[in-house]
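One structure below.
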Amino acid sequence: ALATTPAATQPAATELPPPTPTPTAAVPLTEVRGVVSAVLRGATIEAFVNGQYVTVRYLAIDAPALDERCGPQARDANAALVLPLEVRLVPDQTDRDAEGRLLRYVYVGTTLVNAALVADGWAVADPVPPDTALAAEIAAAGAAAAGRGCAALP
């Protein structure tokens with residue numbers, strides 16, 4: 001007969017938070033270029049990259065949703081910076097969010113769009129570890145935002 005351990009003496013299952021997505025060594029995250037095809041929100045765009053359309057969420061910032069105060073204006077400010085331009089999409093540690101969007105720092109030329117939206121008052125710095133490579137630069141941009149963007153609206 002096989003010996004079995006009574007249920008009462010088995011260790012209790014521990015609930016762990018879901019793992020943070022991280023790139024694997026086999027699939028390094030690399031910078032790519034694309035052309036912005038649509039601006040969905042103040043911190044989200046659609047771009048045509050390597051023959052396909054992808055949704056990109058800007059890293060280290062938070063902008064209001066379209067149904068929130070300043071949401072449409074934040075989207076329009078984002079559009080003024082990126083549409084329909086070529087962008088560089090620069091990764092940090094996490095490839096995609098829970099919604100499947102690419103998480104990237106977005107550049108037009110030498111302009112870091114994430115920081116520009118913060119500096120103009122349409123977004124706030126909101127770094128989420130482990131994606132903090134440019135957090136200090138983006139936070140510093142917030143110093144210029146006083147009285148600008150959303151804060152300037154009635």
Could you please find all residues in the range 36-47 being under 12 Å from LEU83 (Cα atoms) and open to solvent by 40 Å² or more (accessible area, probe 1.4 Å)?
SER37, LEU40, GLU46
All but one of (1) more than 12 Å from the chain's Cα centre (by Cα); (2) open to solvent by 40 Å² or more (accessible area, probe 1.4 Å) hold for VAL108; which doesn't?
(2)
Evaluate the following for THR111: is it β-branched (Val, Ile, Thr) and touching a residue at least 60 places away in the same chain (Cβ under 8 Å)?
no
When the residues of the range 53-81 are filtered to those that are under 17 Å from ALA38 (Cβ atoms) and among the charged types (D, E, K, R), which remaining residue is least open to solvent (accessible area, probe 1.4 Å)?
ARG57
Would you confirm whether any residue within the range 89-103 is closer than 14 Å to ARG33 by Cβ and either over 13 Å from the mean Cα position of the chain (by Cα) or free of Cβ contacts under 8 Å to residues at least 40 places away in the same chain (or both)?
no
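The values are calculated or read from the model by the stated rules, or taken from the named source; none is laboratory data. Because the structure is predicted, anything quoted here is derived from the model rather than measured. Positions of Cβ are generated from backbone atoms using ideal geometry, with glycine treated the same way; all protein chains shown enter the neighbour counts. The protein model used for the area step is the full one, side chains on, heavy atoms only, and it has no ligands, DNA or RNA in it. Shrake-Rupley method; radii C 1.70, N 1.55, O 1.52, S 1.80 Å.
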